[in-house]
Amino acid sequence: MKKRFSLLFLASLTVLVLAACGSDSSSGGSKDEVVIGYFPNIDHVPAMIAKEKQYFEESLGEDKKVTYKTFPDGGAFMTALKTGDIDAGFVGPGPVMNNYANGADVKIIAGASSGGTVVVASEQSGIESIEDLGNHTFITPGIGCTHDVQMETFLKEQGITSARIGGTLKHVTGNPAQYQAMFESGKVDLAAVPEPWASTLVANGAKVIVDTDEIAYGTTLPNTVLVTSGKLLEEENELVKQIVEAHEKSIQFINENPEEAQTIAIDAIEEITNQRMDESIIASAWERVTYTTEVNAEVIQAFADSSHDLQFLKEKPEFDELVVSQETLLGSAQE
């Protein structure tokens with residue numbers, strides 16, 4: 001019998017994390033307290049390492065209290081950043097770009113992770129390669145989400161378009177926790193999905209059609225970035241520099257100690273969600289995710305341009321001042 005991996009962990013994630021957020025009454029915006037936000041998933045491992053190793057506490061000094069908050073999605077995170085409930089933290093580039101385009105005071109001060117998006121096909125779909133897509137149906141977490149844009153940009157490069165913009169490939173959206181059941185029922189044939197969902201689906205029989213290094217922006221687009229507000233950057237630039245320095249230590253630890261980092265991540269996620277992820281799934285997913293502080297402003301802009309070209313955005317956004325270069329950050333901290 002084929003080994004099956006429980007999808008309960010991520011299926012119940014939203015409820016569990018919302019409960020955790022609701023129980024935290026701390027507030028940010030104080031010079032005596034720094035609040036760091038993140039999500040309990042593998043893209044946000046740098047935050048979990050920093051918390052476990054107390055890198056933020058070490059970098060910020062004894063006169064600063066460091067508090068951590070977890071979030072269920074990018075919208076909740078960005079609301080907290082805008083209201084000052086958190087000072088900095090980890091989030092996907094999509095919510096950052098959308099909020100910035102709408103006038104939000106947010107700055108990307110470092111990358112955190114990249115890669116991890118994979119296109120997989122169900123066993124019964126008969127799909128063996130891109131040439132087999134035909135009139136099939138693919139699913140992504142949301143319309144115009146990071147994985148959707150990556151998928152449709154790749155398809156366009158192959159001369160294929162979705163039914164949304166005149167093609168034959170049908171598109172639906174849904175929670176990744178439901179993908180395995182939708183594969184088995186035949187409701188969908190393909191999924192453009194982030195890790196660790198891709199490894200979970202493959203472990204249950206799905207076939208990789210487009211891997212991380214093949215899909216559009218696959219290894220260059222950050223799937224998690226470290227952000228803060230422009231206000232904090234201007235008023236407390238030395239503090240922001242210290243946050244970035246602590247983050248750099250986390251990235252270095254992850255890359256030098258991958259097995260220990262995986263254990264810390266599994267334990268940290270279980271502590272928040274009360275669900276323990278399978279070690280073999282995490283190990284598989286880890287191979288497709290790169291942990292790095294680097295973030296390329298040109299890639300961010302190119303991704304936004306693709307969103308516009310695919311008609312997800314009505315107006316072409318400009319992100320010239322969204323990403324703060326390390327030279328700018330270090331320079332402002334020394335002024």
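Each reported figure results from applying straightforward, stated rules to the coordinates on display, with no laboratory input. Small disclaimer: the values here were computed from a predicted structure and weren't measured. Cβ coordinates were reconstructed from backbone atoms using ideal geometry, including for glycine residues, and neighbour counts include every protein chain displayed.
Separation of segment 208-264 and segment 161-191, taken as the distance between their Cα centroids, equals 30 angstrom.
FRET efficiency for residue 318 and residue 161, Cβ-Cβ distance as r, R0 = 22 Å, nearest 0.05?
On the way: r = 26 Å, r/R0 = 1.18.
Using R0 = 22 Å, I get an efficiency of 0.25.
Please arrange 78, 48 by counting, for each residue, the other beta carbons lying within 10 Å of its beta carbon, fewest first.
Working: 78 24, 48 27.
Lowest to highest Cβ neighbour count: 78, 48.
Determine, from the Cβ-Cβ distance of residue 130 and residue 63 and an R0 of 51 Å, the FRET efficiency 1/(1 + (r/R0)^6), rounded to the nearest 0.05.
Working: r = 56 Å, r/R0 = 1.10.
Given R0 = 51 Å and the Cβ-Cβ separation, E is 0.35.
Model label points for residue 105 and residue 83, set 7 angstrom from Cα along the Cα-to-Cβ axis, are 1.7 nm apart.
Among 185, 114, 122, which one shows the highest mean-square fluctuation when the chain is modelled as a Gaussian network with alpha-carbon springs under 10 Å? Highest fluctuation among the options: 185. Compactness ratio for segment 72-206: Cα radius of gyration over 2.2 N^0.38 Å (N = residue count) comes to 1.18.
Residue 207: which lysines have alpha carbons under 30 Å from its alpha carbon, excluding same-chain residues fewer than 8 sequence positions away? Leaving aside lysines fewer than 8 places away in the same chain, those within reach of residue 207 are 2, 3, 156, 170, 187. With bins 10 Å wide beginning at 0, the percent of Cα pairs of segment 39-93 falling in each bin runs 22, 52, 25, 1. Please enumerate, by chain and number, the lysines with C-alpha under 22 Å from the C-alpha of residue 231, excluding those fewer than 8 residues away in the same chain. Output for residue 231: 31, 64, 65, 69, 82, 107, 241. Eigenvalues of the alpha-carbon gyration tensor of the chain, scaled by 5 and square-rooted, set the equivalent ellipsoid semi-axes at 34, 23, 17 angstrom, largest first. Are there trypsin sites (Lys or Arg not before Pro) in segment 236-326 that DSSP puts in a loop and that have at most 10 other Cβ atoms within 10 Å, and which ones? Here the sparse-neighbourhood loop sites are 314. If the label point is 7 Å along Cα→Cβ of residue 287, which residues in segment 183-201 have backbone nitrogen under 19 Å from it? Residues 193-201 fall inside that zone. Taking the fewest neighbouring Cβ atoms within 10 Å as the starting point, the ordered list for 129, 229 is 129, 229.
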